[in-house]
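The values are calculated or read from the model by the stated rules, or taken from the named source; none is laboratory data. All of these numbers come straight from a predicted model, not from anything done at the bench. Counting neighbours? That spans all protein chains shown, and the Cβs are built from the backbone with ideal geometry, glycine included.
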Amino acid sequence: MANTSMTPDHETTSDPFADPAGSDRMPLEAAAVLTVDRNATLTIGSEALIVLDEGLRHRRDVSNVCGLLPQLSKTTRAIPFFNVLWAELEDFDITIHYAETTSKKSCRPAYIHYTVTDKSLHGHAKTWIEALMDRAYPNKVQRNKRIKVLVNPFGGQGMGPKLWTRQVEPIFAAARCEMNVERTAYRGHGIEIAEKLDIDAFDVVACASGDGLPHEVFNGLSKQSNPRRAFKKVAVAQIPCGTGNAMSLNLNGTDSPSLAAVAIVKGVKSSLDLCAVTQGNQKYFSFLSQAVGIIAESDLGTESLRWMGSFRFTWGILVRLLGQTAYPATVSVLQETDDKRAIKEAFWKATREQHHAEPYEDDDQDTQLPALRYGTVNDPLPGEFQTQDMPNLGNFYVGNMPWMSPDAPFFAVSLPADGRMDMITISGQISRMTALRMLTSLENGNLINFPEVTYRKVLAYRIAPRMRETSGKRRIRAKIGRWLGGAAKQKEGLIAMDGESVPFEPFQVEVMQRLGTVLSRRGGCYEFDGPKGH
Ligand SMILES: Nc1ncnc2c1ncn2[C@@H]1O[C@H](COP(=O)(O)OP(=O)(O)OP(=O)(O)O)[C@@H](O)[C@H]1O
């Protein structure tokens, strides 16, 4: 309970604790408590806003303090500052909007309304509201974000528009965000919208979709006349409404649309490495992952299992692991290290330092995209690349974020802006027992600790996948696997780029450090805290 004896004196202009900068704002200690009337006190605590309302004990009608009290006997409530969406004073009326937690996976907007009865408290109430807003929106968090919202009407199981209207829009509105909403009408529409976006009119593009639409938005921004500035100016965010919601899991820390909405409102602008991909004559950007082999098939080859939701991905892997499928390829890599101990140490160090990191700076003077340092997939292979033929490759997976789906943090030591991609390769010939152990350890981020897993930090790579040979037993196993795994018979192998299918052809990738901008809940780091084991 708050110490209500701290109630400060009324408004004063000669406060001994006054801000030395000469602002007329009262220091926090003085502003911490506001007695609204005889019974109600609002206190700015260290972690939360504490509401004491003794009057409610005697009141039958509590509807005007929506969401304040689950039971009449309870007269106090702590609202984390993170959940405070907006606070304002109009004449003598205080309204505090906040996100009320309704379950582990959802919240809804609620508000508290009080009238300041002691008129002489007006000045203090104003200062108090400002102090509360400073706590609710610390330094690096922008208020009143101007958000371009893209809604994919077919995202996930077609629930996108409903989730947006019911769970997200009311939270953005309560937080006084400006919104401009547009439904995507066809594949590639997100690219066009982002390409033509007035980057001075918006701070954020939020995609109510799976990971496909954010991928399109990054690529649309790259086509702006001043792409470097577009990337810096506009943060890309995801409102998780798809089947693959990795971006939101990693940056908002949730795949719940309502909780993600609060994370976006409170999101801190942060840099993100982007991967420049060349394939054939195409050039585009990938923000999340590139997969050849088992993961691509588990992601793209399980369309008929959409009813399983995100579990279809895990199921797809499981079935294929049991089939010991190999996906042959030639892989050329410019790697920084494959020393797992060094990789983990660098991760912990970066994570510790993140707490003292400088705020995001938009000081990039360049206007155009950085040139490709290693050429395209059509150029001769750069001398620094090390080439390996991998006839028994089972899993080739490159990621830029830890979680690829809920409970699947494949890239446990991935960092958002280290200028490195995390590359995992696993042989297709590991025993089924080991494969199962890997799958069950995945949740804790311990895949990296398996000796059978090669985990590298890389700057660039090229991969030329080949069709796999299927004969005898393998063909039968593949058939059973396809049937169980929900895959149609396909002539070619599959490559997944941010979860979307691209042609089964060689491609080359290089990382462009800090090129993209996103919103992150804690600022500059992902929500996964690293491998749980060691
Ligand atoms: N109106 C539309 N009609 C058809 N396709 C669309 C439409 N709007 C968006 N798309 C496309 O749908 C693709 C997938 O989008 P998104 O990721 O939002 O959905 P999803 O169902 O969750 O997919 P995933 O399973 O890849 O996560 C994107 O490539 C996007 O271009």
Q | Selection status of Leu272, within 16 Å of the ligand (Cβ to nearest atom) and at pLDDT 95 or above | A | no
Q: Filter the range 136-175 down to residues that are surrounded by fewer than 20 Cβ atoms within 10 Å (Cβ to Cβ) and in contact with a helix residue (DSSP H, G or I) (Cβ under 6 Å, 6 or more places away or on another chain), then give me how many there are.
A: 1
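Check the range 438-456 and report whether any residue there is assigned to a loop (DSSP other than H, G, I, E, B), closer than 24 Å to Arg341 by Cβ and of a type in the set (Asp, Glu).
Taking every residue of the range 438-456 in turn, at least one turns out to be assigned to a loop (DSSP other than H, G, I, E, B), closer than 24 Å to Arg341 by Cβ and of a type in the set (Asp, Glu).
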Q: Take Lys283 and decide whether it is more than 16 Å from the ligand (Cβ to nearest atom), among the charged types (D, E, K, R) and either modelled with pLDDT of 95 or more or surrounded by fewer than 22 Cβ atoms within 10 Å (Cβ to Cβ) (or both).
A: yes
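Can you say whether Phe154 is within 16 Å of the ligand (Cβ to nearest atom) and either more than 21 Å from the chain's Cα centre (by Cα) or not β-branched (Val, Ile, Thr) (or both), as far as the supplied structure shows?
Working: within 16 Å of the ligand (Cβ to nearest atom): yes; either more than 21 Å from the chain's Cα centre (by Cα) or not β-branched (Val, Ile, Thr) (or both): yes.
Against the criterion (within 16 Å of the ligand (Cβ to nearest atom) and either more than 21 Å from the chain's Cα centre (by Cα) or not β-branched (Val, Ile, Thr) (or both)), Phe154 qualifies.
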(Q) So, in the range 201-213, exactly how many residues are surrounded by fewer than 23 Cβ atoms within 10 Å (Cβ to Cβ) and within 15 Å of the ligand (Cβ to nearest atom)? (A) 1
Q. Can you find a residue in the range 419-432 that is crowded, with 20+ Cβ neighbours inside 10 Å, part of a helix (DSSP H, G or I) and under 23 Å from the mean Cα position of the chain (by Cα)?
A. no
Q) Does the range 214-236 contain at least one residue that is near the ligand (Cβ under 9 Å from one of its atoms) and either surrounded by fewer than 24 Cβ atoms within 10 Å (Cβ to Cβ) or at pLDDT below 95 (or both)? A) no
